[in-house]
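A.B. asks: Take this structure first; my questions come after.
Nothing in this text is a laboratory measurement; each read-out follows from the coordinates by a stated rule. What you are looking at is a predicted structure, and each value in this text was computed from that prediction instead of being measured. Because the Cβ atoms are built from the backbone with ideal geometry, glycine has one as well, and the counts that use them run over all protein chains shown.
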Ligand code: CUA
């Protein structure tokens, strides 16, 4: 090449470099403006350690909202493939909530519909930010980091309700005897299960057990039908312990969600959850023979099976379900 061409090339390189430099400055200005004028935020790192160490922090021992003083909340949340714990967070209108969140396994996202909340959840780190919920309603939480085959079903809900409704729900949770009138004759295990269900399962199967069309099957009626076939009682423990992956047919409809494994729950909690879903929402009246509640020992025994979600799917296909 000639001298002249070299010089022309070098000139264009400098021009493009200048363009890139200007773009960087413009982006930084935009980000600064968004953060200061539009109350944007950057997730703050508040702790770092091995995933196990972080998982043992106080916020995550019993994740969920804690009211420190009136309308000021601390909310612990743990993400794992493919769920959030808890999957249903209830807060009163006006609640200022500081979230402390981490992941048990891989990178997950935490994006809340109709808010500017969008945080990455990293294993071994605690992400934190504060948000005030001024408007009542149901806010859908989704994972926006591709985390595996069930990523698109990784959902949860924040429910912002008026103070009265909130207080009543707390009262029912803390003093189950107080609402015994409404739930006469339920066992302590059922009460444990109700809490576990509302925290972990209601985000997908819904608080009234009706599920979500074509993704999460209903538990109303259907779970009793599964329970009643040969092997159904044991199969239901396996579904909770090991999860289930792959399309299933329930009551003539195909569902293709992913049921995560819940082996991190205690034997009492898993037995309680099964006792709850098999008797709540009128399911208690559907049993052909008297239902005898699950015992924690049955769950403990099933932990030795060590199945994969695919094996649970095969197990389900081997059941003689009327589909
Ligand atoms: Cu978790 Cu995608």
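A.B. asks: At what distance in nm do the modelled label points of residue 170 and residue 19 sit from each other, each positioned 7 Å from its Cα along Cα→Cβ?
C.D. replies: About 5.8 nm separates the two model spin labels.
A.B. asks: Over the range 235-323, what is the mean sequence separation of C-alpha contacts under 8 Å (at least six apart), divided by residue count, expressed as relative contact order in percent?
C.D. replies: With pairs under 8 Å counted, the relative contact order is 41 percent.
A.B. asks: Moving to a separate point now. At a Förster distance of 45 Å, what's the computed FRET efficiency of residue 70 paired with residue 50, Cβ-Cβ distance as r, to 0.05?
C.D. replies: Between residue 70 and residue 50 the formula returns 0.80.
A.B. asks: Still on this model: Measuring from the lowest to the highest alpha carbon on each principal axis, how far does the range 259-323 reach, largest first, in angstroms?
C.D. replies: Computed over the range 259-323, the largest-to-smallest principal extents equal 33, 31, 19 Å.
A.B. asks: Given the Cα-Cα distance of residue 96 and residue 10 and 0.36 nm per residue of separation, how much length would full extension add, in nm?
C.D. replies: Length gained, residue 96 through residue 10: 25.4 nm.
A.B. asks: Determine the calculated [θ] at 222 nm for the chain from helices alone, applying -39500 (n - 2.57) to every DSSP H run no shorter than 4 residues and normalising by the residue count; nearest 500 deg cm²/dmol.
C.D. replies: For the chain, the value works out to -11000 deg cm²/dmol.
A.B. asks: For helix 267-277, what angle does its Cα long axis make with the longest principal axis of the chain, in degrees from 0 to 90 and rounded to 10?
C.D. replies: Helix 267-277 and the main axis of the chain meet at about 80 degrees.
A.B. asks: Still on this structure: Enter the angle in degrees (range 0 to 90, nearest 10) between the Cα long axis of helix 3-37 and the first principal axis of the Cα atoms of the chain, meaning the one along which they spread out most.
C.D. replies: 50 degrees
A.B. asks: Related question: Can you give the percent of C-alpha pairs in the chain whose distance is more than 35 Å?
C.D. replies: On the way: 16140 of 52003 pairs.
Here the tail beyond 35 Å accounts for 31 percent of pairs.
A.B. asks: Angle check, please: helix 232-242 long axis (alpha carbons) against the longest principal axis of the chain (alpha carbons), in degrees 0 to 90, nearest 10.
C.D. replies: Tilt of helix 232-242: around 20 degrees.
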